Number of protein chains: 4
Amino acid sequence: MTLRDTVRQIVDGTDTFAGRAFDWSLLALILWSIATFTVETIPDLENATVRFLWYSEVVITALFTVEYAVRIWIAERTWRYVFSFNGLIDLVAVAPFYITLMMGLGAMDLRAARAFRLFRVLQLLKIRRYDRAVARFRRAWVIAREEMVLYLLLTVIMLFLSATGIYYFENAAQPEVFKSIPHSLWWALATLTTVGYGDVYPITVGGRIFTFFVLMVGLGIVAGPAGLIASALAQARREEADRG
Amino acid sequence: MTLRDTVRQIVDGTDTFAGRAFDWSLLALILWSIATFTVETIPDLENATVRFLWYSEVVITALFTVEYAVRIWIAERTWRYVFSFNGLIDLVAVAPFYITLMMGLGAMDLRAARAFRLFRVLQLLKIRRYDRAVARFRRAWVIAREEMVLYLLLTVIMLFLSATGIYYFENAAQPEVFKSIPHSLWWALATLTTVGYGDVYPITVGGRIFTFFVLMVGLGIVAGPAGLIASALAQARREEADRG
Amino acid sequence: MTLRDTVRQIVDGTDTFAGRAFDWSLLALILWSIATFTVETIPDLENATVRFLWYSEVVITALFTVEYAVRIWIAERTWRYVFSFNGLIDLVAVAPFYITLMMGLGAMDLRAARAFRLFRVLQLLKIRRYDRAVARFRRAWVIAREEMVLYLLLTVIMLFLSATGIYYFENAAQPEVFKSIPHSLWWALATLTTVGYGDVYPITVGGRIFTFFVLMVGLGIVAGPAGLIASALAQARREEADRG
Amino acid sequence: MTLRDTVRQIVDGTDTFAGRAFDWSLLALILWSIATFTVETIPDLENATVRFLWYSEVVITALFTVEYAVRIWIAERTWRYVFSFNGLIDLVAVAPFYITLMMGLGAMDLRAARAFRLFRVLQLLKIRRYDRAVARFRRAWVIAREEMVLYLLLTVIMLFLSATGIYYFENAAQPEVFKSIPHSLWWALATLTTVGYGDVYPITVGGRIFTFFVLMVGLGIVAGPAGLIASALAQARREEADRG
């Protein structure tokens, strides 16, 4: 077995101890990268913290760069990897850092590149051990796609009907809160998803009875996709069992 | 192939590029129509905006009118289309505009017709590409109708029992909030659907323990239909696969 | 066909027009009865309204009494009906009214009997047309009972663990809000059921991170029974189809 | 049948009346133990109450100790029981009390041991009559584990993307509320789980439209596991029926 095969086994496989260790290390690195990214946005950080975050970012980028290089090296068909979903994620994880440096921007001024670092969170999907589950989610999406889109359409229709209705019921009683239909849409969204922040709610008897009907019809529509995707996943699992 | 067949293929089909383009254009037009409808309700709009919305409405109505005429022309059985769900929606989308004009109402005074324009949101269901999914939803409704109605009955029963219970627990402590059972129904609705605006909530120990029991029993009832319709959709899909 | 058979067909059946009309009238009567019951609790009602509600109650009770008598008359096995679930509901719907009168209480003083009138809401379950759906719910309950009870146990465990945890995190920062574990249980209930009134919520970083873990584990547990009963209903429907 | 067999039948079985009575007594004892545990945290309890709770704790511990001793006695393989999940729970339920006493701490000063008493809530899972349901839950977990973990990953990704997005939309308008991405994560958690306390919510148009998209995508992800575990439970039940 050549060196390249051994490395491939570690990076792509989960059968060996080294493979699993690589997976866990990568997971830790990604989580650490996300954590530092979010912490950076806290206002009035001390200078020492900012400097630490900068060194941490340099090390993280270096490690991700090595990982990217290794993955190109071990790829059976280089370009296919480079333009695959995983390959692009790996590139986006490191490229902004170098671009910022090359453009002569100050070392500390990573603001512009920061937004791109967010996409590192997508690297969580790269972890090998969930390949089969990811495939099952894709299959479930294919199975339930048409219904999902229809549910989305129904949700949009429901949101508009609810917003228009509540506007006519509540506008007179709360002209500042239910100012217009676009304003009422915010209520419709918070209510139909059952988030219910409590910043807007009907106070008239008519508006509350209307809310009852909206919720009776709307709950089934807005909460539907979760159950649908779950049952599609179950079907995808059955298909897999039938095949294998 | 006659001109009528070609037009039919574009309007009703999704196989050709023109057919898909028509679908997307129609979708854009409907969404634009809904957007302008909601924007009109914003108070204190500038004159220029109001004028723009008026011209936009004229154009939208013209386009929907042409669409309606074309659909009548290509319909294999004219009257069947006119009185079908889609036909009525198409009529309702344009008729109010002309009625308002004919009745000699001022050009800008479309308030009366506005409420009807809302129904254009239902045109979203007309988009051809979801015909199969719509049929599946209808089938799912037939499968689960009896249970859905029973769930609704149970929800109504649950709402009344909860409202009555909380009224007896909280009325003494919060006479202004839990003023009567009809007032308490508003709490029951917000709680059982888990919206929880936060405008009314129990503060006594008894009322909170009662809320625990209400939620334990009620969640399964109120959240049930979403899961039920999802499983009925799965069954409808299986039946389709068995047939096809 | 004897008169008794004809009446039975109307009261118990849904095949004839008269049978369906009876069902709908009964539904209307029950809903009217519930509506007046709740309205009575509104404070400071006008005298005229109170008198109207009293006469309405006399009429409703009379009609329910006639219905009860008819049902006893047409029952094939009288005592079996009297002690059945439906029979007891029918008795509870009228008995308190007569007891109050007999005990010489003032005609208007129905407070004592009022609580029992609430149970008329259960009469909604008596409507014949849902007999099959009710049977399916019973079957679904038998299928999923053990898991439902276990879900309930897990919910109770989850509530206690969450309340204890948040108490240790938040007690120092909000001693008045998270005063003790029983007080924290109220937060746990509102959070795990996703009601989220907003009267209590964590403000410390530790408490918020704890809330994340609580919700990740807890949502699946608290929201589980709804999906479970839905899938048990689907199974009950399949069994029915296999039999019939 | 030896005495040991009889005791075993009572403690482990649910076939006899004594067995069921034991189960119910144990359940009552556990619930009582939890109740006193939570009540103890109420501040400013009267001396009489504190003393009562202390005696109650002594009796509870004594009973749990007897139960532990009996379970060791009747265990077919002593050490296997001692190190089993149930055995460890039983030990943790009593050990802290004795350790506190031996260490010479004041009789009333059980604070240190209190945290461990919380784990008695787990004894609820020990009740024999749910053994089959517990086994089914374990099986359901094995069936759906990969998807559950992927759902968790997607939830984490979704939380971070939402928090970052809302931070950019709302930070300018509400710098004190959406102070940084870690602060915005709290909003993302309360929103995606639909808890919606109402302490933080977007007020800009951009932030509200963003919330719409976040909820449309996020609801299916966060609410998914509940449906998934329910369908996995149904599958576990089918497998059981096929076997038995």
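For segment B:160-190, filtering for residues that are touching a Gly at 6+ places or on another chain (Cβ under 8 Å) and closer than 18 Å to A:Tyr201 by Cα leaves 1.
Being away from chain B (no Cβ under 13 Å), at pLDDT below 90 and in a helix (DSSP H, G or I) is the requirement here; does C:Phe97 meet it? Yes, satisfied. Among the residues making up segment A:65-85, those that are crowded, with 16+ Cβ neighbours inside 10 Å and touching a residue at least 40 places away in the same chain (Cβ under 8 Å) are A:Glu67, A:Arg71, A:Ile74. Filtering segment D:121-135 for residues that are farther than 27 Å from C:Ala190 by Cβ, small (Gly, Ala, Ser), open to solvent by less than 10 Å² (accessible area, probe 1.4 Å) and within 8 Å of another protein chain (Cβ to nearest Cβ) leaves a non-empty set.
Have a look at B:Leu233, B:Leu219, B:Leu150 and point out the one that is within 29 Å of the chain's Cα centre (by Cα) and free of Cβ contacts under 8 Å to residues at least 24 places away in the same chain.
Details: B:Leu233 fails: free of Cβ contacts under 8 Å to residues at least 24 places away in the same chain; B:Leu219 fails: free of Cβ contacts under 8 Å to residues at least 24 places away in the same chain.
From the options B:Leu233, B:Leu219, B:Leu150, the qualifying one is B:Leu150.
Residue-by-condition table, conditions (1) assigned to a helix (DSSP H, G or I); (2) farther than 20 Å from B:Ala95 by Cβ; (3) at pLDDT 85 or above; (4) more than 27 Å from the chain's Cα centre (by Cα):
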{"site": "B:Thr36", "(1), (2), (3), (4)": "yes, no, yes, no"}
{"site": "B:Ile42", "(1), (2), (3), (4)": "no, yes, yes, no"}
{"site": "B:Thr49", "(1), (2), (3), (4)": "yes, yes, yes, yes"}
{"site": "B:Trp54", "(1), (2), (3), (4)": "yes, no, yes, no"}
{"site": "B:Val59", "(1), (2), (3), (4)": "yes, no, yes, no"}
{"site": "B:Ala62", "(1), (2), (3), (4)": "yes, no, yes, no"}
{"site": "B:Glu67", "(1), (2), (3), (4)": "yes, no, yes, no"}
{"site": "B:Val70", "(1), (2), (3), (4)": "yes, no, yes, no"}
{"site": "B:Trp73", "(1), (2), (3), (4)": "yes, no, yes, yes"}
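Does B:Ile157 count as surrounded by fewer than 22 Cβ atoms within 10 Å (Cβ to Cβ), among the β-branched types (Val, Ile, Thr) and under 21 Å from the mean Cα position of the chain (by Cα)? Judged against the criteria, B:Ile157 is not a match. Would you check which residues across segment A:162-175 are surrounded by fewer than 19 Cβ atoms within 10 Å (Cβ to Cβ) and either at the interface with chain D (Cβ under 10 Å from one of its Cβ atoms) or outside any loop (DSSP other than H, G, I, E, B) (or both) and list them? Within segment A:162-175, just A:Tyr168 meets the criteria. Close Cβ contacts (under 6 Å, 6 or more residues apart or on different chains) running from residues in segment D:11-39 that are within 14 Å of chain C (Cβ to nearest Cβ) to residues that are surrounded by fewer than 19 Cβ atoms within 10 Å (Cβ to Cβ) and among the polar types (S, T, N, Q) comprise D:Thr36/D:Ser56.
For the residues D:Arg80, D:Arg71, D:Arg51, the requirement of being among the charged types (D, E, K, R), out of contact with any strand residue (DSSP E or B) (no Cβ under 7 Å at 6 or more places or on another chain) and more than 30 Å from C:Ser162 (Cβ to Cβ) singles out D:Arg80.
Conditions (1) among the hydroxyl-bearing types (Ser, Thr, Tyr); (2) in contact with a Lys or Arg (Cβ under 7 Å, 6 or more places away or on another chain); (3) surrounded by 15 or more Cβ atoms within 10 Å (Cβ to Cβ), marked per residue:
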| position | (1), (2), (3) |
| --- | --- |
| D:Thr6 | yes, no, no |
| D:Glu46 | no, no, no |
| D:Phe52 | no, no, no |
| D:Gly87 | no, no, yes |
| D:Ala95 | no, no, yes |
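Considering segment D:178-216, the residues that are open to solvent by 20 Å² or more (accessible area, probe 1.4 Å), more than 9 Å from every other protein chain (Cβ to nearest Cβ) and touching a helix residue (DSSP H, G or I) at 6+ places or on another chain (Cβ under 7 Å) include one that is nearest to A:Ile34 (Cα to Cα), namely D:Phe210.
May I ask you to list the residues in segment A:15-41 that are over 15 Å from A:Glu57 (Cβ atoms) and exposed (fewer than 15 other Cβ atoms within 10 Å of the Cβ)?
Looking only at segment A:15-41, we keep the residues that are over 15 Å from A:Glu57 (Cβ atoms), and these are A:15-28.
The answer is A:Asp15, A:Thr16, A:Phe17, A:Ala18, A:Ala21, A:Trp24, A:Ser25, A:Ala28.
Residues that are open to solvent by 20 Å² or more (accessible area, probe 1.4 Å), at the interface with chain D (Cβ under 10 Å from one of its Cβ atoms) and part of a helix (DSSP H, G or I) occur in segment A:138-150; there is at least one. The set of residues in segment A:217-234 being open to solvent by 30 Å² or more (accessible area, probe 1.4 Å) and more than 7 Å from chain B (Cβ to nearest Cβ) consists of A:Val217 alone.
The values are calculated or read from the model by the stated rules, or taken from the named source; none is laboratory data. Please read all numbers here as calculations on a predicted model, not as lab measurements. Please note: Cβ atoms are built from the backbone with ideal geometry, for glycine as well, and neighbour counts cover all protein chains shown. The accessibility values were calculated without ligands, DNA or RNA, using every heavy atom of the protein model including side chains. Shrake-Rupley method; radii C 1.70, N 1.55, O 1.52, S 1.80 Å.
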